[in-house]
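Following: one structure in structure tokens, then a few remarks.
The values are calculated or read from the model by the stated rules, or taken from the named source; none is laboratory data. From a predicted model like this one, the values you see are computed outputs, not experimental measurements. A quick note on method: Cβ atoms are made from the backbone with ideal geometry, for glycine too, and the neighbour counts reach across all protein chains shown. These accessible areas exclude ligands, DNA and RNA; they are computed on the full protein's heavy atoms, side chains included. Shrake-Rupley method; radii C 1.70, N 1.55, O 1.52, S 1.80 Å.
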Amino acid sequence: RIGRRRMMLPYQSQKKKLYHGNFLLVAVKIAYMVQVCAAWSTAVSIPRHATSSSMLLSMTNDNNNNSNKNRRSFISKGTISFLTWSSFAWGGNSQLPACAIAKNPRYIENQIEMKYGNGPDGNPRTRGILVRRFTGDSTPYSFPVGPVRLVKEWPEQPPFDEKDFTRADSNDDGTFYSLPRLVYHIDEPAVSSLTQYYRKNIPPKSRILDICSSWVSHYPLEFPKTMKRIAGTGINPLELVANDQFGKGDTVARNLNNDPTLPYADGEFDVVTCVVSIDYLIHPIEVLKEVHRVLRPGGKVIISQSNRCFPSKAIGMWLKMNDRQHLELINGYFQYAGGFQPRKAFDITATGEGQNGFDPMFIIEAIKA
């Protein structure tokens, strides 16, 4: 597991229009396999066993650059808006679950209707997108939690230099992430292990902030009802709108690489989460200082990390490290941010049939002193 790194690869766009109406189960599954949301990504996470929010068909990168350029040109002429949601839940208890909440379905399929190009120079059109969400429940996986000892002693001053935070693609992240990627960047076992960890380690009535967020936050299904508040900030506003776990209007689009401040008051949250994204931050220490500021005393940060990334956007020193070194690096970030108790690290990788192919999952927790 240590040192294994798998990247996200480009693929050719495919578009299918999904119409309203009553879907037969077979039609739903077929429509799902050709959902247009997968086509919008310039890169996706491709698990070895091909389970993601997009059914990963055979993909190539022929003409990918031209098609992406055309889509960006089209979108820039207007706006995109999410109009409606329709949900389908299935796969609930077909297998004996190892999860805590067996009554929840394993998957929820949402039909999202989006309207593009409704600006003055656009060509308005509407498309339906069928996306599958992993709930983290009713799966055949088990979720052990094993401590990882952090042993690296960091010097008093940060030893990093500018080249450590350089990236192969140094262009503005707003361009790279301009199109919503309604896909998963880690596989279902990794998502499920994180969901179960959140359920056990975030107490009810907490005020939660998810930074570097997207269309999913991997929280348990009950969290919108059991938590006092769930807010999110991320780079793509459309993905934030599609995230049904955030409170209504409680999202802020923010590129933390351009502006590492968080638009919240001091002590506003009990828990801050960040999922497989700290490797993209070029100002991670400054961001963690902001996390410290918005947490109440005794508040908790939960940083989760796997071995998946967009290699063109991950910082240079991250790509040269293995999983264990990643954990030590994040621990160093916390040390230089200041104001946190000694950190704890855990390996929460799921186990089950085919576990040698599962994405690894790690946690670093820090408590505000």
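The figures follow:
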item	result
Stokes-Einstein D for segment 141-368, Kirkwood Rh over Cα pairs, 37 °C, 0.692 mPa s (µm²/s)	184
Inter-label distance for residue 283 and residue 253, nm, one decimal - labels placed 7 Å from Cα along Cα-to-Cβ	1.9
Two-site label geometry, residue 149 and residue 121: point separation in nm, points 7 Å out along Cα→Cβ	6.2
Rounded accessible area per residue of segment 141-368, 1.4 Å, Å²	38
Built amide H within the under 5 Å cut-off of residue 210, gap 5+	231, 232, 233, 273
Label-point separation, residue 200 to residue 226 (7 Å along Cα→Cβ), nm	1.4
Sequence of 244, 279 when ordered by accessible area, the most exposed leading, probe 1.4 angstrom	244, 279
Ordering of 328-340, 158-170 by packing [mean C-beta count within 10 Å, highest first]	328-340, 158-170
In Å, descending, principal axis extents of the Cα set of segment 144-231	44, 40, 26
Whole-percent carbon and sulfur share, accessible surface of segment 166-223, 1.4 Å	52
By accessible area with a 1.4 Å probe, ligands and nucleic acids excluded, highest first: order of 289, 300	289, 300
Whole-Å distance, taken between Cα centres, linking segment 116-195 and segment 327-361	15
Accessible area, probe 1.4 Å, largest first, for residues 294, 151, 252	151, 252, 294
Tally of Lys pairs whose C-alpha atoms are under 15 Å apart, taken over segment 141-368, 8 or more apart or cross-chain	14
